[in-house]
1. As an exercise: evaluate Ala202 against (1) loosely packed, with under 13 Cβ neighbours inside 10 Å; (2) under 30 Å from Gly63 (Cβ atoms); (3) modelled with pLDDT of 95 or more and give the number of the one condition it does not meet.
2. Being among the aliphatic types (A, V, I, L, M) and out of contact with any helix residue (DSSP H, G or I) (no Cβ under 9 Å at 6 or more places or on another chain) is the filter; apply it to the stretch 107-144 and report the residue that is nearest to Leu160 (Cα to Cα).
3. State yes or no: is Ser124 of a type in the set (S, T, N, Q) and more than 23 Å from Ser81 (Cβ to Cβ)?
4. On the basis of being in contact with a Leu (Cβ under 7 Å, 6 or more places away or on another chain) and modelled with pLDDT of 90 or more, does Gln100 make the cut?
5. Examine the stretch 135-158 for a residue that is in contact with a Pro (Cβ under 7 Å, 6 or more places away or on another chain) and within 19 Å of Leu116 (Cα to Cα), and state whether such a residue exists.
6. Determine which member of the set Thr122, Thr153 is open to solvent by less than 40 Å² (accessible area, probe 1.4 Å), of a type in the set (S, T, N, Q), more than 28 Å from the chain's Cα centre (by Cα) and modelled with pLDDT under 95.
7. Working carefully through the options Arg137, Arg184, Arg157, Arg168, find the one that is of a type in the set (Lys, Arg) and in contact with a Ser or Thr (Cβ under 7 Å, 6 or more places away or on another chain).
8. Taking the stretch 149-203 on its own, how many of its residues are within 18 Å of Val66 (Cα to Cα) and in contact with a Phe, Trp or Tyr (Cβ under 7 Å, 6 or more places away or on another chain)?
Amino acid sequence: MGAQPTVLRHLNFEDMAFAESSRNNFNTFAAIYFVQMKSAPVPSPSLSTPQRTRRTRRPAPVGLDVLQQLRVVVRLAGNHSTQVERSTGIPGAQLWALHQVAQADGLSVGELAGRLRVHQTTVSNLLNRLEIAALVRRGRSPADQRIVRIHLTPAGRKALKAAAAPVRGLLPNVLDGMSAAQLRKVHDGLAVLVDCMGGFDAALAAKPLSFTE
């Protein structure tokens with residue numbers, strides 16, 4: 001038998017037996033290569049994988065942090081409502097109702113209530129004030145006399161043009177501009193707060209915010 005390949009000098013007895021048994025089906029190079037692959041040590045992950053840089057975590061918010069966020073939301077929305085009322089003489093909730101009528105002239109009281117997510121009684125009170133100011137007019141539907149339709153007047157259209165944008169209010173406008181994922185986060189976070197304060201109250205939810213009335 002000729003000289004063994006140099007690589008065999010580094011193989012142990014068990015590895016040599018494995019190579020010899022494989023020689024009937026594989027050539028010498030293949031058997032030795034397989035033995036080497038079988039006995040090769042697995043590199044340590046700590047040596048081959050670079051260490052990950054640890055990210056600095058922000059401290060968990062406390063109750064006062066959340067309270068400050070709520071103050072900012074309420075005051076920004078309130079400031080915008082005040083600015084709109086100064087420029088038009090119309091409170092924010094009334095202007096939002098006026099805007100919705102302008103978007104779909106001929107709405108019923110129920111349809112307007114649905115667009116504002118408020119009770120029909122609240123909408124009726126808003127419409128009374130708008131009608132007194134000659135900004136809207138109400139009339140019976142020709143198709144069904146039982147249904148009252150709401151229409152914008154020229155004075156109402158002029159008032160909307162004079163109002164600071166967004167006419168419908170800062171908070172509704174911002175919420176409608178959010179993505180579905182953002183809205184889900186805001187909704188779920190507020191739902192936790194509402195639950196901790198006694199749970200959802202449909203009657204309270206159907207009233208406009210105090211700073212927009």
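The values are calculated or read from the model by the stated rules, or taken from the named source; none is laboratory data. Keep in mind it's a predicted model, so treat the numbers as computed, not measured. Cβ sites come from the backbone with ideal geometry, for glycine too, and all protein chains shown count toward neighbours. To get the accessible areas, we keep the full protein, side chains included, count just its heavy atoms, and leave off ligands, DNA and RNA. Shrake-Rupley method; radii C 1.70, N 1.55, O 1.52, S 1.80 Å.
1. (3)
2. The residue in question is Ile132.
3. Criteria not met by Ser124.
4. Values: in contact with a Leu (Cβ under 7 Å, 6 or more places away or on another chain): yes; modelled with pLDDT of 90 or more: yes.
Here the answer is yes, as Gln100 does meet what is asked.
5. Here is the first cut: in the stretch 135-158, the residues in contact with a Pro (Cβ under 7 Å, 6 or more places away or on another chain) are none.
Looking for residues that are in contact with a Pro (Cβ under 7 Å, 6 or more places away or on another chain) and within 19 Å of Leu116 (Cα to Cα), one finds none in the stretch 135-158, hence no.
6. From the options Thr122, Thr153, the qualifying one is Thr122.
7. Going through Arg137, Arg184, Arg157, Arg168 in turn, the sole match is Arg137.
8. Matching residues across the stretch 149-203 total 1.
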